[in-house]
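Since the structure comes first, as structure tokens, the remarks are kept for the end.
The values are calculated or read from the model by the stated rules, or taken from the named source; none is laboratory data. As the structure is a computational prediction, the values presented were derived from the model and not from experiment. Every residue, glycine among them, receives a Cβ derived from its backbone with ideal geometry; neighbour counts consider all protein chains shown. The area values use the complete protein model at the heavy-atom level, side chains included, leaving out ligands, DNA and RNA. Shrake-Rupley method; radii C 1.70, N 1.55, O 1.52, S 1.80 Å.
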Amino acid sequence: MKFSISREALLRPLTLVAGVVERRQTLPVLSNVLIQVDNDQLALTGTDLEVELIGRTVASLVETPGAVTVPARKLMDICKSLPEQADIQLALEDGRAVLRSGRSRFTLSTLPAAEFPNIEESEGSTELSLPRGTLKQLIDTTSFAMAQQDVRYYLNGMLLELRSNLVRAVATDGHRLAVCARPAEIHVETPQRLIVPRKGIIELARLLDDSDEPVTLTLGSNHLRAHTGDFTFTSKLVDGKFPDYERVVPKGGDKVLIADRTELRRVLSRTAILSNEKYRGVRLHLEEANLKVMANNPEQEEAEENVAIEYSGPAMEIGFNVGYLVDVLGVLDEDRVQMTLADSNSSALLEEPGGGDALYVVMPMRL
């Protein structure tokens, strides 16, 4: 194997593919990136056995086609540290990969391409196409609510629901819920429900942009595959039953307040400075046209802020983990936010005034 390529042509796909590769691996070959050269096409593959990403680029000159695996992070760090517009030549010599650029020369260890695992192809049952921007927005507005290392493994990911003319993303960690639905020109004979693991969602989001260019999704029985331009992304699906999120959405809240989203977020963030570091609790005291936000901590320190709101109704007090509220206010698009409450023991419903594509549910805290 021997080829030449510009630094920039190699660096973008390499950076994205190396993101999939875990630093600590059980199999040595999993910390490597697979390089395959054929004609003038160069394909780079990284995997952790759950998520696989293939990036393609064009080499400026291919002298000998071939395939090999080299350490992903080291190759990426070398390419990043070379000067811009540098030319890179990579060749296989005596079982080692030799990278030359200008007056620099690096020799990297290799492992045979035959040892590199690939995620087994499952029969793709359904194929459909969405605008990249639609899928990116669904992920961006809900992914913060995914669980991180919950024993309920099906919460460590995101539910994607695909129906004719509708795509919905749902994430929850048991304390809060994020749901966003967008219309899309797709046709699905039977509605599809897939749970994509957390890492898969994060890596997929890195491939998407806000454009109307299509991303093609292939839905298999236990895999999701996405094609975007020069990249092919594959993720195993989580085998489990996602909770019935519609039952969690509170109905019949009679106390509706509307506040300036940015101002409320700043007030909550400031008050949080003096909240208990472990529980992050704040108290919201709701009264006519005013919301009082209070926090205190074991050192007897206190914070109190008032923010003007649109509200006329009975007074009430309710506690929340402030981080959950701030996260929601950070992803809402509108200038104002609507919050619907029933009583101090019921979850809050947050959304755009009058409702929008997305809705958020946050459970209260006893303070």
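How much area per residue is accessible in the chain when the probe is 1.4 Å and only protein heavy atoms are counted (Å²)? Intermediate values should be presented prior to the final figure.
On the way: 17920 Å² over 367 residues.
Dividing the accessible area of the chain by its residue count gives 49 Å².
Quote to one decimal, in nm, the extra length available between residue 209 and residue 222 on full extension: 0.36 nm per residue of separation minus the C-alpha distance between them. Walk me through the intermediate numbers first.
Details: separation 13, 0.36 × 13 = 4.68 nm, distance 2.57 nm.
Stretched fully, the residue 209-residue 222 segment lengthens by 2.1 nm.
For region 19-99, restrict the atom set to alpha-carbon positions and state the Rg and Dmax in Å.
Looking at region 19-99, its Cα Rg and Dmax stand at 13.0, 36 Å.
Filter the cross-link list 74/199; 74/136; 136/199; 2/80 down to pairs whose alpha-carbon distance in this structure exceeds 24 Å. Could you put the intermediate results ahead of the total?
Values: 74/199 22 Å; 74/136 30 Å; 136/199 15 Å; 2/80 21 Å.
Correct reply: 74/136.
Using 0.36 nm per residue of separation minus the Cα-Cα distance, give me the extension gain between residue 230 and residue 58 in nm, one decimal.
Details: separation 172, 0.36 × 172 = 61.92 nm, distance 1.01 nm.
Separation in residues times 0.36 nm, less the Cα-Cα distance, equals 60.9 nm.
With a Förster radius of 35 Å, plug the Cβ-Cβ distance of residue 6 and residue 122 into 1/(1 + (r/R0)^6) and report the FRET value to the nearest 0.05. Show your work: numbers first, answer last.
Details: r = 36 Å, r/R0 = 1.04.
Computed FRET efficiency for residue 6 and residue 122 comes out at 0.45.
7 Å from Cα along Cα→Cβ at both residue 357 and residue 290: what's the point-to-point distance in nm?
3.8 nm
Hey, any idea what Rg/Rh is for region 161-272, computing Rh the Kirkwood way over Cα pairs? Before the final figure, lay out the partial values.
Details: Rg = 17.6 Å, Rh = 17.0 Å.
Rg/Rh for region 161-272 comes to 1.03.
Which FRET efficiency value, to the nearest 0.05, do you get for residue 84 and residue 277 by plugging their Cβ-Cβ distance into 1/(1 + (r/R0)^6) with R0 = 25 Å?
Numbers: r = 44 Å, r/R0 = 1.76.
Approximately 0.05, to the nearest 0.05.
Which length gain, in nm to one decimal place, applies between residue 148 and residue 316 when the Cα-Cα distance is subtracted from 0.36 nm times their residue separation?
Working: separation 168, 0.36 × 168 = 60.48 nm, distance 3.28 nm.
The span from residue 148 to residue 316 would gain 57.2 nm if fully extended.
For the chain, give the percent of accessible area contributed by carbon and sulfur heavy atoms, probe 1.4 Å, rounded to a whole number. Before the final figure, lay out each step's value.
Numbers: 8100 of 17920 Å².
About 45 percent, which is the carbon plus sulfur part of the accessible surface.
With just the Cα atoms defining each centre, how far is region 52-99 from region 244-278? Give it in Å.
For region 52-99 versus region 244-278, the Cα centre distance is 49 Å.
Could you run the Debye sum over the Cα atoms of region 53-106, one equal point scatterer each and no solvent, and tell me log10 of I(q)/I(0) at q = 0.14, 0.19 Å⁻¹, two decimals?
Per q value, in the given order, log10 I(q)/I(0) is -0.40, -0.78.
Between 0 and 90 degrees, rounded to the nearest ten: what's the tilt of helix 72-81 against the longest Cα principal axis of the chain?
90 degrees
Provide the descending list of Cα extents for region 224-279 along its principal axes, expressed in whole angstroms.
Here the Cα extents, ordered largest to smallest, are 45, 32, 28 Å.
In deg cm²/dmol and to the nearest 500, what is the mean residue ellipticity at 222 nm of the chain if only DSSP H runs of at least 4 residues count, each as -39500 (n - 2.57), divided by the residue total? Mind dumping the intermediate values first?
Numbers: 7 runs with 71 residues, N = 367.
Result for the chain, helices only: -5500 deg cm²/dmol.
If you scale each eigenvalue of the Cα gyration tensor by 5 and take the root, what three semi-axes come out for region 109-207, rounded to whole angstrom and sorted largest first? Can you show the working numbers first?
Values: eigenvalues 131, 82, 35 Å².
Those come to 26, 20, 13 Å.
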